[in-house]
Every structure is written in structure tokens, then in C-alpha cells.
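Read-outs throughout are calculated quantities, based only on the coordinates presented, and are distinct from any laboratory measurement. These numbers were taken from a predicted model, which means no experiment stands behind them. Positions of Cβ are generated from backbone atoms using ideal geometry, with glycine treated the same way; all protein chains shown enter the neighbour counts.
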Amino acid sequence: MYVFATNNPGKARELKEIFGSAGLELQTLHDLNLSLSPEETGNTFEENSKIKAVETAEFLRLHGYLDAIVLADDSGLAIDAMDGRPGVDSALFLGADTPHGQRNAFIINELHGKPPGERTAYFVCVITCCWPSGEVLTVRGELEGLIAQAAKGENGFGYDPIFYVPTLDKNMAELSQEEKNKISHRGQAVREMIKKLKGK
Ligand code: ITT
């Protein structure tokens with residue numbers, strides 16, 4: 001069984017859809033009535049994604065899930081004009097409990113008046129898989145875009161309303177789930193991971 005170690009419902013929705021279209025079932029800890037929030041003490045997406053996968057795999061073993069294959073996602077938005085922030089601290093930006101609407105408004109304001117060439121940004125998604133044997137594998141996906149002039153769209157989650165995708169002339173939150181998955185940092189990483197899972 002594949003278990004996704006996340007507390008973020010937006011990530012869970014996206015991964016489940018991509019797994020589903022590959023004919024694989026993915027459950028979250030929430031689906032198993034379990035809960036765990038590993039401390040993200042790493043300095044990189046790779047480190048934090050591995051911490052979440054490995055700790056959750058150990059936790060599941062203790063709960064009797066001896067054959068669980070665990071996936072974890074660490075992701076975020078890096079803005080060039082803000083020296084790569086919020087980056088690996090994307091979930092903590094302006095404080096862990098700050099609503100995303102407030103974070104997005106802050107970023108729009110920070111970049112106010114900047115021309116497109118100074119609005120470049122990219123989403124990163126690193127997914128780690130941890131097998132019952134303890135073997136670990138990591139993949140990374142990235143999507144480049146621009147910080148939009150204004151927040152737009154109701155879909156997706158997090159920073160999606162302020163991320164402009166030039167090739168589609170839309171903000172990420174204006175894309176359907178299917179459209180986002182096709183191009184997104186997470187979509188790319190998950191599809192690569194699924195190829196590796198199927199090759200095992
Ligand atoms: P888990 O660790 O439980 O998976 P989290 O939300 O804490 O959930 P991260 O530590 O990886 O996840 O933080 C990622 C942050 O970046 C979080 O604030 C997200 O809202 C944001 N983010 C990640 N992927 C995104 C996406 O596809 N679109 C918009 N924002 C995204």
C-alpha cells in the first residue's frame with residue numbers, strides 16, 4: 001500500500017488524482033485515522049522531504065503497517081527578487097498561522113511596480129519515497145513563472161493565486177486540477193516517481 005505523509009489537503013488531492021490516473025491507490029495518514037507532524041529541521045527541500053518520509057515510515061511500522069510504501073512532499077515557492085524566499089520556509093512565511101491570502105498580498109506588495117523581468121519565480125516539489133526495507137529515493141520537479149500583478153483564481157491552494165504561468169496566460173489558481181497537474185512542479189515529480197515505482 002502507498003501512504004502519502006502529508007497534512008496538506010491540497011497536496012493530497014493532487015497526488016491522489018495522479019496516482020488514480022496511473023491505476024494506483026494512495027492513502028493519506030488521515031485516511032488511516034492516524035496523525036503525525038514530523039519536525040522539518042532540514043535546510044533543503046530534499047532534507048525535509050526525506051525527514052517526513054522516513055519518520056512516517058517508522059511511525060507506520062510501529063502501528064503495524066509493515067508493508068507501507070511511504071511518500072512525502074516538501075515544496076515551496078522561490079522568488080528571485082526576494083533572494084529565493086519564501087523557499088524552503090514557504091509554510092512558515094510571515095508566521096506558521098498566517099493565512100495564505102495575507103502572504104500573497106504581502107508578496108504582491110513587495111514586487112509592486114517591478115517589470116516582468118524582475119518578477120521571476122519558481123515552484124519546487126521534492127518527493128521522497130521510503131520502502132519498508134528502508135530504501136529511499138528522491139525526485140524533484142520545478143515550474144518557472146512570474147509573480148502576478150494581482151491575485152486571481154479560486155482553484156489550487158497556497159501561492160497558486162499569485163503565480164502567473166506565461167505559457168497559459170493564466171494564474172495557477174485559474175487552472176483546473178487537471179491543467180495544473182499536467183504542468184506543475186508536483187505533477188512532474190509525481191509522474192517521475194510513479195515511473196520508478198512501476199519499474200520496481
Ligand atoms: P506537509 O508538510 O504536511 O506535506 P505543508 O503544507 O506543511 O504540508 P510544506 O512544508 O512542503 O507542506 O510547505 C509547502 C508550502 O508551500 C505550503 O505553504 C504550501 O501552501 C505551499 N505550496 C506547496 N505547493 C504548492 C502549490 O502547488 N501551489 C501553491 N502553494 C504551494
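Checking each residue of the stretch 113-120 against the condition of being touching a His at 6+ places or on another chain (Cβ under 9 Å) and not acidic (D, E) gives no match. Within the stretch 128-144, one or more residues are out of contact with any helix residue (DSSP H, G or I) (no Cβ under 6 Å at 6 or more places or on another chain), touching a residue at least 12 places away in the same chain (Cβ under 8 Å) and more than 26 Å from E58 (Cα to Cα).
Is it the case that some residue within the stretch 53-62 is surrounded by fewer than 17 Cβ atoms within 10 Å (Cβ to Cβ) and among the basic types (K, R)?
Our first condition is that a residue be surrounded by fewer than 17 Cβ atoms within 10 Å (Cβ to Cβ); within the stretch 53-62, this holds for 58, 61-62.
Narrowing the set further to residues that are among the basic types (K, R) leaves 61.
Checking the stretch 53-62: at least one residue is surrounded by fewer than 17 Cβ atoms within 10 Å (Cβ to Cβ) and among the basic types (K, R).
Please work out if A96 is touching a residue at least 24 places away in the same chain (Cβ under 8 Å) and either surrounded by fewer than 16 Cβ atoms within 10 Å (Cβ to Cβ) or within 11 Å of the ligand (Cβ to nearest atom) (or both). Even if it seems obvious, please write down each step before you answer.
Details: touching a residue at least 24 places away in the same chain (Cβ under 8 Å): no; either surrounded by fewer than 16 Cβ atoms within 10 Å (Cβ to Cβ) or within 11 Å of the ligand (Cβ to nearest atom) (or both): yes.
Considered against the rule, which asks whether it is touching a residue at least 24 places away in the same chain (Cβ under 8 Å) and either surrounded by fewer than 16 Cβ atoms within 10 Å (Cβ to Cβ) or within 11 Å of the ligand (Cβ to nearest atom) (or both), A96 comes out as no.
Going by the structure shown, is Q149 of a type in the set (S, T, N, Q) and more than 16 Å from the ligand (Cβ to nearest atom)? Taking the combined requirement at face value, the residue satisfies it.
If I ask for residues that are within 8 Å of the ligand (Cβ to nearest atom) and either basic (K, R) or more than 13 Å from Y122 (Cα to Cα) (or both), which ones from the stretch 174-190 would you list? Talk me through it step by step, then tell me what you get.
Let us first name the residues in the stretch 174-190 that are within 8 Å of the ligand (Cβ to nearest atom), namely 180, 184-186.
Within the stretch 174-190, K180, R186 qualify.
Does G76 satisfy the criteria of being small (G, A, S) and surrounded by fewer than 19 Cβ atoms within 10 Å (Cβ to Cβ)? So G76 fails the test. Look at (1) more than 10 Å from the ligand (Cβ to nearest atom); (2) more than 25 Å from G20 (Cβ to Cβ); (3) not small (G, A, S) and you find that P132 fails only one, number (2). Of the residues making up the stretch 117-167, just one is among the β-branched types (V, I, T), over 27 Å from N43 (Cβ atoms) and surrounded by fewer than 18 Cβ atoms within 10 Å (Cβ to Cβ), namely T167. With respect to T167, is the statement that it is within 12 Å of the ligand (Cβ to nearest atom) and without any contact (Cβ under 8 Å) to a residue 24 or more places away in the chain true? So T167 does not fit the description; no.
Among the residues of the stretch 61-69, is there at least one that is within 12 Å of the ligand (Cβ to nearest atom) and of a type outside the set (S, T, N, Q)?
Scanning the stretch 61-69 turns up no residue that is within 12 Å of the ligand (Cβ to nearest atom) and of a type outside the set (S, T, N, Q).
Taking the criterion of being under 15 Å from Q177 (Cβ atoms) and within 12 Å of the ligand (Cβ to nearest atom), the residues of the stretch 12-55 that qualify are A12, R13, E14, L15.
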